[in-house]
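**Student:** Attaching a single structure in structure tokens format; questions to follow.
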Amino acid sequence: MNKVFFEKVFSEKRLEKYFKRHNNDTDRAISHYRCNIELSEAFYPGISTFEIALRNAISRELTVLYGREDWYAVFATTPGLSGLNKYIQQANKQIAGRNENSSPAKIIAELTLGFWVSLFNVEYERILWKDLRRVFPNMPKKVRQRKNITPPLNRFRALRNRIFHNEPISWNLATVAKIHTEMITVMGWINKDIPVWLATFDRFEKVLQTALKVTSIPSGTLYRDKPCKPCKQGKPVSPISPASPISPISPASPASPISPVSLFHTIFCF
């Protein structure tokens, strides 16, 4: 199978950056593209487990707070929370579109990760954080603050959306690996047994080691021809060596803030 075949199947535009990075070496470029798919696949167990564990933990705490299973029903009439009602309306619309009856279980399952993560935004801190901090019972008390939860949750959401929309995530493997480690840490804050269970079938580290070899550049430094849209900067991109160490994130340390611009620049830009 040659370059023409792959460009016909996946589009010339989608593969352009891969061929450019590997100097039009078809085997290396396609191996890199395949590696991106495999890396995305390897992330699925963690992302799926994290998303479900997070929403169920939040739902439990809000059920206690409002004393009802349909805790979301109070948002429309609660000062400061009414803006969240748009998510509930959209969930109801999706359920009705399938000719199904709405119920708390279906609403909770239908709500997007964007909704769950938004509950930790600064605008809701005064109303919700006191109760939602119990979503993370194993988070060290000295760092158990909303400002230390929001950044990693947004990183996970951004990466999850990239993966589910078939976008590349393999341009900065060190950062992607850090996010995976961080995700495991946060899941442990929710329930200490989640990382133990996930480790029995999580293939991410194995796939990552293959990715480091496949995507590495023998020598030299690559430069972007033009600024990337998020950061508006043309900066050198250093190749990642398979021997490069990946520092784990300590569960006892707060996540280092990464701005949305920096997040997209370090993971997705070329």
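The values are calculated or read from the model by the stated rules, or taken from the named source; none is laboratory data. Note that the structure is a prediction, hence the values are computed from the model and not measured. Note that each Cβ is placed from the backbone with ideal geometry, even for glycine, and that neighbours are counted across all protein chains shown.
**Student:** Could you grab me the full set of residues in region 163-213 that are closer than 13 Å to CYS35 by Cα and of a type in the set (Phe, Trp, Tyr)?
**Tutor:** TRP171, PHE204
**Student:** Among the residues of region 163-183, write down those that are modelled with pLDDT of 95 or more and among the charged types (D, E, K, R).
**Tutor:** Once the filter is applied, which keeps residues that are modelled with pLDDT of 95 or more and among the charged types (D, E, K, R), region 163-183 yields LYS178, GLU182.
**Student:** Have a look at GLU167, GLU182, GLU100 and point out the one that is under 21 Å from the mean Cα position of the chain (by Cα), acidic (Asp, Glu), more than 18 Å from ARG60 (Cα to Cα) and not in a helix (DSSP H, G or I).
**Tutor:** Values: GLU182 fails: not in a helix (DSSP H, G or I); GLU100 fails: under 21 Å from the mean Cα position of the chain (by Cα).
Being under 21 Å from the mean Cα position of the chain (by Cα), acidic (Asp, Glu), more than 18 Å from ARG60 (Cα to Cα) and not in a helix (DSSP H, G or I) holds for just one of GLU167, GLU182, GLU100, which is GLU167.
**Student:** How many residues, within region 133-147, are closer than 23 Å to ASP193 by Cβ and touching a Phe, Trp or Tyr at 6+ places or on another chain (Cβ under 7 Å)?
**Tutor:** So the answer is 4.
**Student:** Restricting the search to region 103-128, which residues are surrounded by 18 or more Cβ atoms within 10 Å (Cβ to Cβ) and assigned to a helix (DSSP H, G or I)?
**Tutor:** ILE107, ILE108, GLU110, LEU113, PHE115, TRP116, VAL117, SER118, LEU128
**Student:** Considering only residues that are in a loop (DSSP other than H, G, I, E, B) and not small (Gly, Ala, Ser), look in region 185-207 and name the one that is nearest to ALA53 (Cα to Cα).
**Tutor:** Here the residue is ASN191.
**Student:** Quick check, is ARG157 of a type in the set (D, E, K, R) and within 30 Å of THR215 (Cα to Cα)?
**Tutor:** yes
**Student:** Taking the options ILE47, ILE52, name whichever one is in contact with a Lys or Arg (Cβ under 6 Å, 6 or more places away or on another chain) and at pLDDT 95 or above.
**Tutor:** One residue alone meets the criteria, ILE47.
**Student:** Which one of these does VAL176 not meet: (1) within 15 Å of the chain's Cα centre (by Cα); (2) buried (at least 16 other Cβ atoms within 10 Å of the Cβ); (3) not in a helix (DSSP H, G or I)?
**Tutor:** (3)
**Student:** Another one. Could you check region 113-123 and list, in sequence order, the residues that are out of contact with any Lys or Arg (no Cβ under 9 Å at 6 or more places or on another chain) and over 12 Å from SER59 (Cα atoms)?
**Tutor:** Keep residues of region 113-123 that are out of contact with any Lys or Arg (no Cβ under 9 Å at 6 or more places or on another chain), which gives 118-119, 123.
Listed by number, the residues that qualify are SER118, GLU123.
**Student:** For region 40-55, name all the residues that are within 16 Å of LYS106 (Cβ to Cβ) and surrounded by fewer than 15 Cβ atoms within 10 Å (Cβ to Cβ).
**Tutor:** Correct list: ILE52 only.
**Student:** Yes or no: region 94-101 includes at least one residue that is in contact with a Ser or Thr (Cβ under 9 Å, 6 or more places away or on another chain) and not acidic (Asp, Glu).
**Tutor:** Yes, the conditions are met somewhere in region 94-101.
**Student:** Right, something else. If you check GLY97 against the conditions, is it farther than 23 Å from ALA158 by Cβ, of a type in the set (Gly, Ala, Ser) and either at pLDDT 95 or above or surrounded by 14 or more Cβ atoms within 10 Å (Cβ to Cβ) (or both)?
**Tutor:** Values: farther than 23 Å from ALA158 by Cβ: yes; of a type in the set (Gly, Ala, Ser): yes; either at pLDDT 95 or above or surrounded by 14 or more Cβ atoms within 10 Å (Cβ to Cβ) (or both): yes.
Criteria met by GLY97.
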